[in-house]
1. Using the Karplus curve 6.51 cos²θ - 1.76 cosθ + 1.60 with θ = phi - 60°, what ³J(HN,Hα) values do you get for each residue of the range A:154-167, in whole Hz, with x for Gly and Pro?
2. Note down the relative contact order for chain A as a percent, whole number, built from C-alpha pairs under 8 angstrom at least six residues apart.
3. Report Rg(Cα)/(2.2 N^0.38 Å) for the range A:86-226, keeping two decimals.
4. Would you please calculate the Kirkwood hydrodynamic radius of the range A:32-97 over all C-alpha pairs and express it in Å, rounded to one decimal?
5. Loop only by DSSP, 13 or fewer other Cβ within 10 Å of the Cβ. Give me the trypsin sites (Lys or Arg not before Pro) in the range A:103-203 that pass, ordered by residue number.
6. With the full set of protein chains in place, find how many percent of the accessible area of chain A is carbon and sulfur; take the probe as 1.4 Å.
7. Over the alpha-carbon set of the range A:307-472, work out the extent along each principal axis and list the three values in angstrom, largest first.
8. May I ask for the distance between the Cα centers of the range A:187-251 and the range A:346-395, given as a whole number of Å?
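The values are calculated or read from the model by the stated rules, or taken from the named source; none is laboratory data. Because the structure is predicted, anything quoted here is derived from the model rather than measured. Cβ coordinates were reconstructed from backbone atoms using ideal geometry, including for glycine residues, and neighbour counts include every protein chain displayed. Note: areas computed on protein heavy atoms with side chains; ligands, DNA, RNA excluded. Shrake-Rupley method; radii C 1.70, N 1.55, O 1.52, S 1.80 Å.
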Amino acid sequence: MLRMAPFPSGALHIGNGRMIFVNDYYRRRYDGRLLLVFDDTVGSEEKRLDPEMFDLIREDLELCGAAPDAVYYKSDLIPNHYPWARRVIEAHAAYVCTCPAELLRRNRAEGRPCPERSQGSEATLEAWEGMLGGRYGPGEAVLRLRTDLSDPDPAFRDRVLFRISDLDHPRVGRRYRVWPLLEFSWAVDDIELGVTHVVRGKDLVMEDRMQQAIWRILGVTGPPFLHWGLLRVREAKISKSKSYAEVKSGVYDGWADPRTWSFRALDRRGIDPRALRHFTLSFGLSLADIEVPAETLYAENRTLIDPKALRRSFVEDPVRLEVSGYPTSLASVVLPNHPDRPELGTRAVSAGSTLWLARRDLEVHLGGEVRLKDLVNVRLPARLDTGATSATAEFTSLENKRLPRLQWVSARDGVAVDLLGVEGEHRTGLGEAALLSSPPGEVLQFERVGFVRLEADTRPGVEPVRACFGHP
RNA sequence: GCUCCCGUAGUCUAGUCCGGUCAAGGAUAUCGGGCCUUCGACCCGACAACGCGGGUUCGAAUCCCGCCGGGAGCACCA
């Protein structure tokens, strides 16, 4: 029995991959069950809960092929925690501390006990009832574990177990005022939910010790812990709070904006969840923090989509090219949809003496002889003025010469294309007519540009054809 | 500062627990070549690593000690 516990503050992104795929891996391998437990205790002013995230996260897990066997909300489980707190108090292992937060922190750092530390179970129980009964306001009292004030790790000295908060919780409102903190709540829930193995990030290793300390006090045996280190993708500068702000303000195109590196954004880019799974699991469960170039993920994805992505032409920032001497009989060509897989069929592509070429291609090869791929050879003009929208070239031959090969689109039936880039930029240009008949969500390869995925809400026949860039 | 963790090629990883089969394997990147119509894929080849110093041992990437470097945690957040 495994569990994952995301804090519902945003869509799941590639940095959360280890939580998802590692847990799911163990579930499958040992035929276990995987719970999704929303860690939605009340949070803090800085860490607000957004109720929209619950569904968002469930969808993300579904998308990753890691849907949970059951879903729990911490906020529903709060009443379970109070009896446990009582048991800890009765074991004389906790006390109610009414020091201001500042003083508490200072005392902890210096290893000095707060006055209430010596209080007996009776008094603690009485004060605890007072906490539950509303005798104290937020910040006026906490329940602390009595550990060892000389513990070398200051973080471990008399941790706070419960605190008082009157924040309005999106699911349960103000039903509870006394909220457990992470370690205590998991000490309870891992037992009550029957969790047998905890696999979580290494940022939570200290919490292992806390949970174990609580279990020891109560004489229960809890599950073992496994941890993974941080996984960063070099190109992905992920900031959940920034994403949150930009999504809310509309600067980003929702949670599927490529800049979020969320799973839904990666899906939109045509990155197969299986590639993400394989990519993530390839790092094992190492405790080291790692940074991997996105290229590694792209390579993984390429092996999946390359065999099925149909090839299409797209020219960015097009320039109109008149080809003098163009053989008039060559009005169209029939091209394979995939160079290595004839079974994927062919399509007819219109050609002609007037064609569109990508400005960049033209600029790089000015004055040179090039091959318009699958068509003819031409000599490009020697110069192209900045901002020029047309140019002329000269037909040289039909023969398949070994020249730089450039993409082109017919002036007769080229269609407008709007390609959304990884940085949220829009790259506009023209694509070949066959794009109009591709279904939404189709993954294609724009030759010499990269793999793209048609946006899910595109309609065949409607211009501009909108696509999202995946990777080279 | 304190606590814990981690150091194998540019990057990620296998091997470390139980020393020899590791003159270190794979992936990715890069470079070269092939494939005569993609800057993609595929095929072939090249490049390139056990952080440093001691010790134990017939033998150390693997065990021990020290050092150096990197990371994470140190909330009345999760």
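1. Couplings: x, 4, 8, 6, 6, 4, 7, 9, 9, 9, 10, 9, 10, 4 Hz.
2. On the way: 925 pairs, mean separation 56.5, N = 472.
Relative CO of chain A lands at 12 percent.
3. On the way: Rg = 15.2 Å, N = 141, 2.2 N^0.38 = 14.4 Å.
Compactness ratio reported: 1.05.
4. On the way: mean 1/r = 0.0693 Å⁻¹.
Computed over Cα pairs of the range A:32-97, the Kirkwood hydrodynamic radius comes out at 14.4 Å.
5. Working: sites: A:Arg105, A:Arg106, A:Arg108, A:Arg117, A:Arg135, A:Arg144, A:Arg146, A:Arg157, A:Arg159, A:Arg163, A:Arg171, A:Arg174, A:Arg175, A:Arg177, A:Arg200, A:Lys202; in loops: A:Arg135, A:Arg146, A:Arg157, A:Arg159, A:Arg171, A:Arg174, A:Arg175, A:Arg177.
When the trypsin sites (Lys or Arg not before Pro) of the range A:103-203 are filtered for loop state and at most 13 Cβ neighbours within 10 Å, A:Arg135, A:Arg174, A:Arg175 remain.
6. It is 51 percent, rounded to a whole number.
7. Computed over the Cα atoms, the extents are 41, 38, 25 Å.
8. Rounded to whole Å, the Cα centres lie 56 Å apart.
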